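Worksheet: one structure, shown below.
No lab work stands behind these numbers, since they all come straight from the coordinates. The shown structure was predicted, so the numbers you read here are calculated from the model rather than taken from an experiment. Every residue, glycine as well, gets a Cβ built from its backbone with ideal geometry; the counts of neighbours run over all protein chains shown.
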Amino acid sequence: IMWTVALTTAMYMCISVVFCGLVPRSAIDDGAPLAKAFRDRGAPILATVIALGAVGNTSTSLLGNLVRLPRFILRMSSDGHLPRRFATVDPTTDAPSEALAISLVIAMLLSLLVSFAALVQAASVGGLVG
C-alpha cells in the first residue's frame with residue numbers, strides 16, 4: 001500500500017509541476033483546468049483523454065460510494081445506531097435487502113434534489129475524511 005501511495009503522490013506532484021508550466025494562474029479554468037490547459041497548448045486529443053479520465057474517475061468514485069452504503073447501513077443497524085430492521089439479511093440471497101432498499105431510496109432522492117456538482121464535492125470530501 002505504501003508503494004501505491006508513494007507512486008500516486010509522485011504522479012500528482014509531476015502533474016502539478018507540468019500544469020504550473022502550462023498555464024498562468026490567472027488563466028486557470030475552474031471547470032476542467034488540466035484538460036483546458038492542454039487544449040490551449042494545442043493538444044486536443046490529450047485534453048479529451050484527460051477529460052474522459054476525469055469523468056471515469058468521478059463515476060467510479062460515486063459508484064463505489066453507492067456499493068458501500070448498504071454495508072454501512074447494515075453495520076450501523078447491527079450496532080444499534082439505526083433501526084434494527086435495516087440489519088436483516090435475506091436468507092435466500094444473503095443480501096441486506098432492507099439496507100439495499102433504503103440506500104436506493106437515498107440515492108434516488110439525492111439524484112433528484114441535489115446537483116451533480118454538489119454530489120461530487122460531497123463524495124470527494126467523504127473520500128478524504130473516511
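Key figures for this structure:
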item	result
Per-pair calculated FRET efficiency, R0 = 25 Å: ILE106 and ASN57 via Cβ, rounded to 0.05	0.65
Cα-based shape type of the range 1-79, given that a ≥ b ≥ c are square roots of the gyration tensor eigenvalues and the cut on a/c is 1.5	prolate
Scattering profile of the range 32-119 at q = 0.19, 0.22 Å⁻¹ [log10 I(q)/I(0), Debye over alpha-carbon scatterers]	-0.87, -1.02
Cα lying deepest toward the dipole's positive end in the chain, options ASN65, ALA123, ALA43, charges on Cβ	ALA43
Candidates per trypsin sites (Lys or Arg not before Pro) in the range 1-73, loop by DSSP, up to 13 other Cβ within 10 Å	ARG41
Karplus-derived HN-Hα couplings along the range 63-69 (A = 6.51, B = -1.76, C = 1.60, θ = phi - 60°), whole Hz, x at Gly and Pro	5, x, 5, 5, 6, 6, 4
FRET efficiency estimate (nearest 0.05) - Cβ-Cβ, SER124 to ARG84, R0 25 angstrom	0.20
Theoretical FRET efficiency, 1/(1+(r/R0)^6), r = Cβ-Cβ of ILE28 and LEU66, R0 35 Å, to 0.05	0.65
Electrostatic dipole magnitude of the chain [Cβ: Lys, Arg +1; Asp, Glu -1; Cα centre; debye, to 20]	160 debye
